[in-house]
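To keep things clear, I will list the structure first and then write my remarks on it.
The values are calculated or read from the model by the stated rules, or taken from the named source; none is laboratory data. Note that the coordinates shown come from a computational prediction; the quantities given were computed from them, not determined experimentally. A quick note on method: Cβ atoms are made from the backbone with ideal geometry, for glycine too, and the neighbour counts reach across all protein chains shown.
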């Protein structure tokens with residue numbers, strides 16, 4: 001598994017009330033998790049993302065490196 005770094009673009013797996021996976025940029029790294037600034041999400045999850053101030057904390061194992069969208 002590649003090392004996650006601040007600024008990496010990742011896909012976060014759905015959890016809790018999220019119905020779909022989401023994509024975003026890592027803002028902070030913790031011991032076992034990362035803080036993701038959500039940049040892309042399904043329309044069904046938009047209200048929840050807004051309530052979370054466009055951020056989510058996910059386990060490192062659930063953050064998959066992606067290439068940034070153009």
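Points to keep in mind about this one:
- Filter result (touching a strand residue (DSSP E or B) at 6+ places or on another chain (Cβ under 6 Å) and surrounded by fewer than 14 Cβ atoms within 10 Å (Cβ to Cβ)) within segment 1-21: 2, 6
- Filter result for residue 37 (assigned to a strand (DSSP E or B) and at negative phi): yes
- Count - residues of segment 52-70 that are farther than 14 Å from residue 13 by Cα and either at pLDDT 95 or above or in contact with a strand residue (DSSP E or B) (Cβ under 8 Å, 6 or more places away or on another chain) (or both): 6
- For segment 17-34, filtering for residues that are closer than 18 Å to residue 6 by Cβ, under 13 Å from the mean Cα position of the chain (by Cα) and not in a strand (DSSP E or B) leaves 0.
- Criterion violated by residue 14 - all others in (1) part of a strand (DSSP E or B); (2) in contact with a helix residue (DSSP H, G or I) (Cβ under 9 Å, 6 or more places away or on another chain) satisfied: (1)
- Residue selected from segment 22-46 under the condition surrounded by 16 or more Cβ atoms within 10 Å (Cβ to Cβ) and touching a helix residue (DSSP H, G or I) at 6+ places or on another chain (Cβ under 9 Å), by the criterion farthest from residue 61 (Cα to Cα): 41
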